[in-house]
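Undergrad: Have a look at this one before I ask anything.
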Amino acid sequence: MTDWFPYEEDEETPGLSPDETAFLDTLREAAGRWSVPFADSWAARGETEPSLLAVVSLVDSEARVSLGDFGVHVLGDRARGDQLHNQLFTLPDEPTGFAVDVKGPPRRLAAECAKWFEALLGKSVVHARWRHAGQVYAQLWSFGDTGEGLVQSYDPGSAPRRQLEDLQARGHVRGRGWVQVAGIEAAPDEVRRVR
């Protein structure tokens, strides 16, 4: 049997309250019945806030790429979840399409969060690669059912000539020059199912 959401207590990590214990016990019990592929999971106390945190991490083991951490922050009678910051494990400023927000007693919160985790883990994940002159120049890991991107990369040095300028002109570059591979009009050269 796989151990879902382990919580390690030490001198710096306080123990769980009765409500938090009820939440984690119920979540683990539900996870034990899931019929989805296993993913790394853990529970911990939030570092920047006093909430209990339960997280699953999606990984492409073959490519050795972290695809994202999805988790819930539980505080009192409320649980809020989403794709988390990859180092701080905080919720995004604006909820994404993955967000969940539920209120209620601990066992109800856990049951709703378990449904949310199971739905996420049940989604297929695909890895698309684009090649030019024998080199991979763009990659995208996304959910297979919706196409929602998880991780992407783009190497302008290996890309077809003038493609970067075209992507920039059409608004597919954000922030500090991050190229959005969704703007590539050509079909990927290779698509592999990750989960």
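Undergrad: Taking the range 142-162, which residues are open to solvent by less than 30 Å² (accessible area, probe 1.4 Å) and not in a strand (DSSP E or B)?
TA: Ser158, Ala159 - these are the residues of the range 142-162 that are open to solvent by less than 30 Å² (accessible area, probe 1.4 Å) and not in a strand (DSSP E or B).
Undergrad: From (1) touching a residue at least 40 places away in the same chain (Cβ under 8 Å); (2) under 30 Å from Gln152 (Cα atoms); (3) touching a helix residue (DSSP H, G or I) at 6+ places or on another chain (Cβ under 9 Å), pick out the condition that doesn't hold for Phe89.
TA: So Phe89 meets the others, but not (3).
Undergrad: How do the pairs read when you match residues in the range 175-188 that are at pLDDT below 90 with residues anywhere that are β-branched (Val, Ile, Thr), using Cβ under 6 Å and keeping only pairs 6 or more apart or on different chains?
TA: Matching pairs, first to second residue: Val179/Val173.
Undergrad: Pairs, please: C-beta under 8 Å, at least 6 apart or cross-chain, first residue among the hydroxyl-bearing types (Ser, Thr, Tyr) and in the range 17-46, second open to solvent by 50 Å² or more (accessible area, probe 1.4 Å)?
TA: Correct list of pairs: Thr26/Arg107.
Undergrad: Now for a different question. Any residue in the range 131-143 that is more than 9 Å from Ser158 (Cβ to Cβ) sitting within a Cβ distance under 8 Å of a residue that is of a type in the set (Lys, Arg) and part of a strand (DSSP E or B)? List the pairs, counting only those 6 or more apart or interchain.
TA: Gln139/Arg129
Undergrad: Count, please, the residues in the range 99-141 that happen to be crowded, with 21+ Cβ neighbours inside 10 Å, under 30 Å from Leu167 (Cα atoms) and among the small types (Gly, Ala, Ser).
TA: Adding up the residues that qualify gives 1.
Undergrad: So, one more: Among Val126, Val102, which is the only one that is in contact (Cβ under 8 Å) with a residue 60 or more places away in the chain and under 30 Å from Arg28 (Cβ atoms)?
TA: It is Val126.
Undergrad: Under the condition of being out of contact with any Gly (no Cβ under 9 Å at 6 or more places or on another chain) and not in a loop (DSSP other than H, G, I, E, B), which residue from the range 169-190 is nearest to Asp60 (Cα to Cα)? Step through it out loud before you land on a result.
TA: Our first condition is that a residue be out of contact with any Gly (no Cβ under 9 Å at 6 or more places or on another chain); within the range 169-190, this holds for 169, 174-179, 184-190.
Filter once more, so that each one left must be not in a loop (DSSP other than H, G, I, E, B): 169, 174, 178-179, 190.
Values: Ala169: 32, Arg174: 25, Trp178: 22, Val179: 21, Glu190: 16 Å.
Filtering first and then ranking leaves Glu190.
Undergrad: Something else: Which number in (1) in a loop (DSSP other than H, G, I, E, B); (2) surrounded by fewer than 19 Cβ atoms within 10 Å (Cβ to Cβ); (3) not polar (S, T, N, Q) marks the one condition that Leu91 misses?
TA: Result: Leu91 fails condition (2) only.
Undergrad: So Val136 ticks every box in (1) more than 27 Å from Phe98 (Cα to Cα); (2) in contact with a helix residue (DSSP H, G or I) (Cβ under 7 Å, 6 or more places away or on another chain); (3) hydrophobic (A, V, I, L, M, F, W, C) but one. Which box is left unticked?
TA: Result: Val136 passes all but (2).
Undergrad: Within the range 14-31, restricting attention to residues that are at pLDDT below 95 and closer than 17 Å to Val55 by Cα, which residue is least open to solvent (accessible area, probe 1.4 Å)?
TA: Ranking the candidates gives Glu20 first.
Undergrad: Continuing with the same structure: Exactly one of these conditions fails for Arg108: (1) out of contact with any His (no Cβ under 8 Å at 6 or more places or on another chain); (2) touching a residue at least 24 places away in the same chain (Cβ under 8 Å); (3) closer than 19 Å to Thr21 by Cα. Give me its number.
TA: So the condition that Arg108 fails would be (2).
The values are calculated or read from the model by the stated rules, or taken from the named source; none is laboratory data. Because the structure is predicted, anything quoted here is derived from the model rather than measured. Every residue, glycine among them, receives a Cβ derived from its backbone with ideal geometry; neighbour counts consider all protein chains shown. With ligands, DNA and RNA removed, areas are computed over all heavy atoms of the protein, side chains included. Shrake-Rupley method; radii C 1.70, N 1.55, O 1.52, S 1.80 Å.
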